[in-house]
Amino acid sequence: MKRVLIICLAVLVTAVMANAQTIVGSKHDLSTTGGTPATDVTRVCVFCHTPHQASAANGQYPLWNHTLSSTASYGTYSSSTLDATDVTDLGGATAGTAPTSNLCLSCHDGTVSVASMYNPPNEDTTPTITAISGRIDSGGLIISTANLGTDLTDDHPVNFTYDTALATADGALNDPATDTAVAALLINSKVQCTSCHEVHDPTNVPFLVMDNTASALCTTCHIK
Ligand code: HEC
Ligand code: HEC
Ligand code: HEC
Ligand code: HEC
């Protein structure tokens with residue numbers, strides 16, 4: 001009985017340890033608790049979400065609060081072996097209808113301050129930005145390698161449909177209709193930044209949805 005109990009406890013402890021970690025204190029914590037870079041804002045979620053909409057401008061899933069980029073065109077990845085036919089430019093995004101990838105690009109295309117919000121916290125409506133050498137400049141722009149820039153033609157394609165037809169055409173992709181692990185990575189049947197990244201969880205650096213040892217993330221979709 002005692003041994004069963006110990007085994008149960010061990011299983012429980014492992015399960016708890018495998019749980020998601022918090023965004024608080026991670027690179028996505030831009031508040032005082034993260035120590036970077038808005039040195040006078042004590043709240044964490046506010047840089048990306050607001051509990052109450054300030055105006056129609058930010059009527060965006062999921063209660064989006066970070067100013068979207070006004071970049072008109074990012075271009076799209078193309079190649080002679082690409083089978084996807086609907087890779088759609090993320091440029092010219094409109095708050096309220098923008099795909100989730102535009103939420104990431106609102107900081108990661110390097111054109112909007114990380115502290116630019118539709119509805120800043122009442123406690124501090126004009127956050128003070130403290131530059132962090134090599135990472136964030138005094139204007140709040142990301143200047144490290146995490147700045148993807150405004151050209152996405154050299155990045156893994158996003159904002160396109162991944163369905164049975166694409167898997168068949170490609171011949172080396174798992175079929176999302178029958179493979180639940182693939183289906184779980186898609187947003188409205190599309191590949192987006194969040195197919196591979198989970199902004200809230202720093203467990204698998206850099207904010208990956210799963211451990212990518214032996215490229216396990218890549219081989220979830222690609223049969224390679
Ligand atoms: C750096 C930006 C950022 C910060 C900070 C952030 N989030 Fe998010 N959050 C996102 C993005 C992007 C999405 C949409 C994509 C997704 O679902 O991951 C999202 C989605 C969500 C969702 C809806 C989808 C889901 O996962 O349930 C909830 C709830 C949420 N966030 C809560 C929070 C809370 C609570 C905090 C603070 C503790 C927080 N977020 C901080 C970027 C952020
Ligand atoms: C509010 C601004 C903001 C938004 C929105 C945002 N990020 Fe970030 N992200 C940052 C900052 C700031 C860093 C840290 C940059 C540095 O210190 O070099 C970062 C770092 C990262 C990193 C590198 C992490 C590491 O460990 O090196 C990844 C990956 C990332 N973000 C992905 C995303 C994705 C995907 C989304 C959308 C789902 C997103 N981010 C949305 C601000 C943001
Ligand atoms: C197909 C999976 C996949 C997609 C889609 C994807 N990423 Fe990534 N991303 C990764 C992996 C894997 C890494 C780590 C690369 C490395 O360690 O060299 C990464 C790294 C990053 C980094 C850190 C770069 C650095 O050198 O510091 C940022 C920021 C980032 N991604 C943001 C994004 C954003 C924004 C999008 C959507 C426009 C996106 N990612 C789409 C898989 C993906
Ligand atoms: C969510 C599923 C998914 C994940 C995870 C994923 N990919 Fe992809 N990837 C795709 C799809 C779908 C395409 C489009 C294939 C096509 O149209 O031919 C693609 C395209 C590509 C291409 C371009 C193929 C071409 O013909 O030009 C490369 C290379 C690639 N992925 C590598 C990777 C790597 C490396 C990783 C891991 C870091 C990864 N992918 C993770 C789904 C995924």
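Bear in mind that the values in this text are calculations on the coordinates, not laboratory data. Everything numeric here is computed off the predicted structure, so don't read it as measured data. Reconstructed Cβ throughout: ideal geometry from the backbone, glycine too, with neighbour counts over all protein chains shown.
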**OP:** Let me have the relative contact order for the range 108-224, percent, based on Cα pairs under 8 Å that are six or more residues apart.
**Re:** 18 percent
Original post:
Using +1 on the beta carbon of Lys and Arg, -1 on that of Asp and Glu, and nothing else charged, what's the dipole of the chain about the Cα centre, debye to 20?
Top reply: 760 debye
**OP:** Throw me the Rg/Rh for the range 142-185, computed over C-alpha atoms with Kirkwood Rh, two decimals.
**Re:** 1.14
Original post:
Is the shape of the chain best called rounded, prolate or oblate, per the rule: a/c under 1.5 gives rounded, else a/b larger than b/c gives prolate, else oblate, with a ≥ b ≥ c the square roots of the Cα gyration tensor eigenvalues?
Top reply: oblate
**OP:** Compute the Rg to Rh ratio over the range 105-224 from the alpha carbon atoms, using the Kirkwood formula for Rh, and round to two decimal places.
**Re:** 1.07
**OP:** For a quick protection proxy, order the peptides 197-204, 95-102, 139-146 by their average other-Cβ count within 10 Å, most packed first.
**Re:** 95-102, 197-204, 139-146
Subject >> Percentage, to the nearest whole number, of Cα pairs in the range 165-224 over 17 Å apart >> reply: 40 percent
Original post:
Around L173, which amide H atoms from residues at least 5 apart in sequence, or from another chain, sit under 5 Å from its own amide H, with H modelled in the peptide plane?
Top reply: I223
